[in-house]
1. Can you give the relative contact order of region A:88-215 as a percent, counting alpha carbon pairs under 8 Å and 6+ residues apart?
2. Between A:Asp242 and A:Ser96, what is 0.36 nm times their sequence separation minus the Cα-Cα distance? Round to one decimal in nm.
3. Explain nothing, just the number: dipole magnitude of the protein assembly as shown about its Cα centre with +1 on each Lys and Arg Cβ and -1 on each Asp and Glu Cβ, in debye rounded to the nearest 20.
4. Sticking with the crude label model, points 7 Å out along Cα→Cβ, report the distance from B:Thr10 to A:Glu292 in nm, one decimal please.
5. Among A:Gly163, A:Leu179, A:Thr262, whose Cα projects farthest towards the positive end of the dipole of region A:142-292, with charges put on the beta-carbon of Lys, Arg (+1) and Asp, Glu (-1)?
6. What order do you get for A:Val344, B:Val211 when you list them from fewest to most C-beta neighbours inside 10 Å?
7. Shape of region B:126-187 from its Cα gyration tensor (a ≥ b ≥ c, root eigenvalues): rounded if a/c is under 1.5, otherwise prolate when a/b > b/c, or oblate?
8. I'd like the FRET efficiency for A:Ile339 and A:Asp81, computed as 1/(1 + (r/R0)^6) with the beta carbon distance as r and R0 of 41 Å, rounded to 0.05.
Amino acid sequence: MKLGQSFRLGINGITSNKLRSFLTMLGIIIGVAAVIVLVSLATGTTSSITESISSMGSNLLTVNIMGRGNIGTLTEDEMEDWKLIDGVEKIAPIVSGSAEVKAGTETATASLIGSSADYLDMNQLTLAQGRTVADMDVESRQMVAVIGSEIAETLYEGENPVGQNMKITGSNFTVIGVLESEGSSSTGSSDTRLIMPYTTAQRLLRNGNIRQVSVQVASSEQVESVKTALENLLYEKYQDEDLFNIFDQTEILETLEETTATMSLLVGGIAGISLIVGGIGIMNIMLVSVTERTREIGIRKAIGAKKRHILTQFLVEAVVLSCTGGLIGIAFGIAITKIVGALVPSLSGAVSIPVVIVSFGFSLAIGVVFGVYPANQAAGLNPIEALRYQ
Amino acid sequence: MLDMKKICKTYNMGGEPVHALQDVDFYMDEGEFVAIIGPSGSGKSTLMNVIGCLDVPTSGTYELDGKMVAQMSQDQQATIRNEKIGFIFQNFNLLPKLTAIENVELPLLYRGAGAKERHDRAMEALDKVGLSGRAKHKPMELSGGQQQRVAIARALAGNPPILLADEPIGNLDSRSGREVTELIHDLHQQGHTIILITHNNAQAEEADRKVRIQDGFIVSDEKVIR
Ligand SMILES: Nc1ncnc2c1ncn2[C@@H]1O[C@H](COP(=O)(O)OP(=O)(O)OP(=O)(O)O)[C@@H](O)[C@H]1O
Ligand SMILES: [Mg+2]
């Protein structure tokens, strides 16, 4: 007997009791759909985070200083020394805070960043209008600022912001440039940023300490060596490695990937359990089916069906049941992922193809594993006893 | 072609042994038509099941076409049932979810025949029993006599030399019973070896040989003189 025929027999067995077959498949359907939705949303979201992190430049090191009082301060001279390290390309100190910005009657809240001329370049930000903060502005503590597009929109709707005045915590500033609009991303928008010379920011925020410095390394191969050189310099100064740390992007990415892996494992575990529960449902129904069809099995055996004929008939039935469930689950999973992706903008609706393949393979395996026992029971029946069964 | 010696079949009913067959010696030649007759519970069906390789005897030897059945594997016995023997049961034993022709095709299916061969031979068998017009009907849509004729067609489809009929007309009215009996006689004329189990002495008298069985013993085995 050919496989195609066992397949038809299996399908017959399923369609002859549609409601029961559907209820049996439900466990698999829910399991598979859940895996696809959860894993797709999780991987889609992390990959968008990963993307925005690497778009910030993967050769960027961030030095954080946690020192107390004056010991926390980095001086201009020290930063000049850093530039001598082999591989260091650009350095931008970062002083950050948030501030209320006023122009006329309009008010906006901005995340304030005080930095140097290289900040825009290092963070891959582009100007829509005007110019960026220049070295001259830093030296002479100019009261100038580059603003994000959203702030520009709020404060100067319909006007050209460049050259306009604004007040930040009572001081007068001049707008020198506007950033290109970026739209929201999972790491926060640049549209609400306000960038000024760090010297100006230090005075404005009454915070003399530079606690964060971005360091651009020329090539990714040099990241490690630059990091070590910086660590040595900082250790020389603070004599305590708890007082500073140096982050590089790859480290952040690694942490993120680890988190994703743990999450996927968790989701996979839950889904695996629900698939096994679905498998037990299939086994249960197949056992019921074998009992109900004892007479049929007896008749088939009397006519000359061999053990393997009966075995394949019931095994195929279990596999068709679980695979149909798997396919319906995949359809539901894809549909739900797309819908959620469309409704929630921060989540990606991209379906993870490997997960679709793996979950289909899993439902096939479930059919085989949980179908073997009932099928074996059917194949092992004594023909005479089966024929006598009422 | 069929030779049984000292066949015993004992069932165990709650510690109490039930002797369904006791020291049965039975042989048959090719092309013979044997009727087995006896009261209810005498062991007729048990004997037929042993002959048909559906059941194994507790002791004794059974040789079919020169081969010892006891030494065959289950799959080999299945092959014997498929190729050498056609069963006709009192309660028809058709599969209710399959159509008449699908039921008739079953023995050919387990033999590995292709779709076209199966269909052609099944149609031929249905034609022999006069039911080619009902090929697409389910058993439920047929009368008892028609169902038994479909069952006979199924037994014939694989063209086995031996036909085993266990009270084939027991569940039929007299007219359908007559038709089925005639059909069985026709098949005998065409060369099939036939074993017919019956309660009915008149029906047994129409066979070549009459074997009487009682309490698991063969009590008489004689040629029918017409
Ligand atoms: N599976 C079984 N378990 C226990 N006893 C059985 C079994 N099958 C048959 N028997 C016993 O064996 C004896 C012979 O049974 P069998 O079915 O061969 O009788 P029969 O001659 O065919 O009767 P009937 O004419 O009613 O069909 C009976 O006493 C029956 O109770
Ligand atoms: Mg009987």
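1. 37
2. So the chain would gain 50.4 nm between A:Asp242 and A:Ser96.
3. 3660
4. 4.1
5. The listed residue farthest towards the positive side: A:Gly163.
6. Ranking A:Val344, B:Val211 by Cβ neighbours within 10 Å, fewest first, gives A:Val344, B:Val211.
7. Oblate.
8. 0.15
Values in this text are rule-based calculations from the coordinates and carry no lab data. Not measured: the values here are computed from a predicted model. Positions of Cβ are backbone-derived with ideal geometry, glycine not excepted, and every protein chain shown enters the neighbour counts.
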